[in-house]
């Protein structure tokens, strides 16, 4: 990937390696089936899915920030600096929105429990995942534009 040529700093290297871990975690969330939200039983597959999903949800904005912080310092990315910063901020806002929706759901209905049908978890999670993917797509589009 052309973006590897712009890693430069320790933060950039950590960010890119972290993204490799996130990719593995995404594969794990896809391979291992989660339990239904109303099913409280434990299973190996659900545990692995939850662990992998947590890695992605909690660490994607951090890795994106490390990579973005490095990219915006490169003169090659000067034309795309605003996009990189904007979409990195959107990553953080989507994660904050995801957790805010859970907090709001639980405040609205204290009997809702940790998870369940009364806790708004599904759509905010999907929106967050879309925004995470849009960040990757934006980066790819920028690299393609640079190669022209």
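Some notes on this structure:
- Helix 81-108 and the long axis of the chain differ in direction by around 10°, with both axes built from C-alpha atoms.
- Panel order for 147, 95, 138, 128, by other beta carbons found within 10 Å of each beta carbon, from fewest to most: 147, 138, 95, 128.
- Sequence-separation-based contact order of the chain, relative, with Cα cut under 8 Å and 6+ spacing, percent: 24
- In this rough spin-label picture, where each label sits 7 Å from Cα along the Cβ direction, the residue 54-residue 136 distance is 2.2 nm.
- 47, 88 arranged by Cβ crowding within 10 Å, fewest neighbours leading: 47, 88
- Principal-axis tilt of helix 10-31 within the chain, Cα atoms, nearest 10 degrees: 40
- Value at 222 nm in deg cm²/dmol, rounded to 500, when DSSP H runs of n ≥ 4 in the chain each add -39,500 (n - 2.57): -25000 deg cm²/dmol
- Chain lengthening between residue 17 and residue 37 when straightened (0.36 nm per residue, less Cα-Cα): 4.0 nm
- Between the helical axis of 122-147 and the longest alpha-carbon principal axis of the chain there is an angle of about 10 degrees.
- Burial ordering of 94, 54, 105, 41, fewest other beta-carbon atoms within 10 Å first: 41, 54, 105, 94
- When the convex hull of its Cα atoms is viewed from all sides, the chain shows a mean projected area of 9.5 nm².
- Using the Cβ-Cβ distance between residue 47 and residue 104 with R0 = 25 Å, the FRET efficiency computed as 1/(1 + (r/R0)^6) comes to roughly 0.40.
Read-outs: derived from the displayed coordinates by stated rules, not from any lab. The structure displayed is predicted, hence computed values, not measured ones. Reconstructed Cβ throughout: ideal geometry from the backbone, glycine too, with neighbour counts over all protein chains shown.
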